[in-house]
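The block underneath contains the structure these notes are about, expressed in structure tokens.
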Amino acid sequence: MPVSTLVPVAPLAAAPTGDEETAPVLRYHRCGWCGSATGRATLLCPICGSSELQEQASTGAGIVHRLLTPRHRQYTDGETICLVVLEEGFTVQASLDDALPGTVPEGTRVHLAPPAPHTHLPVFRACA
């Protein structure tokens, strides 16, 4: 099996430069051997251990799986933290934009939103 070299990438790449606004991109890895997807920047597939990982771009659509209660609320600036299961089959910890804590039920469809300055997590918004 050929060994591929991977360069670790940030899970969320914000690219607005200048006047143009581009859509945010959420990147993940898909295993070339077993087909599983992972949102983490890893060198080996967490399912089969293969090093044949290809970087791909997510559609940014998913479902809120679980709302999380932060251990230290003073560090969250009132943001709603949750786990989002994306259509590609992997889960990411994310921040819900324009949502008061407890107002977005589990199972709500969400889509990737532009990054926010107050969080290091990918930001999602509820679909209309």
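The values are calculated or read from the model by the stated rules, or taken from the named source; none is laboratory data. In this text the structure is predicted, and so the values were computed from the model without any measurement. Note that each Cβ is placed from the backbone with ideal geometry, even for glycine, and that neighbours are counted across all protein chains shown.
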Scanning region 103-113 for residues that are at pLDDT below 90 and either in contact with a strand residue (DSSP E or B) (Cβ under 7 Å, 6 or more places away or on another chain) or surrounded by 14 or more Cβ atoms within 10 Å (Cβ to Cβ) (or both) gives VAL104, GLU106
Across region 77-100, the tally of residues that are modelled with pLDDT under 75 and buried (at least 18 other Cβ atoms within 10 Å of the Cβ) stands at 1
Subset of region 27-57, residues buried (at least 17 other Cβ atoms within 10 Å of the Cβ), within 20 Å of THR119 (Cα to Cα) and modelled with pLDDT of 90 or more, comes to TYR28
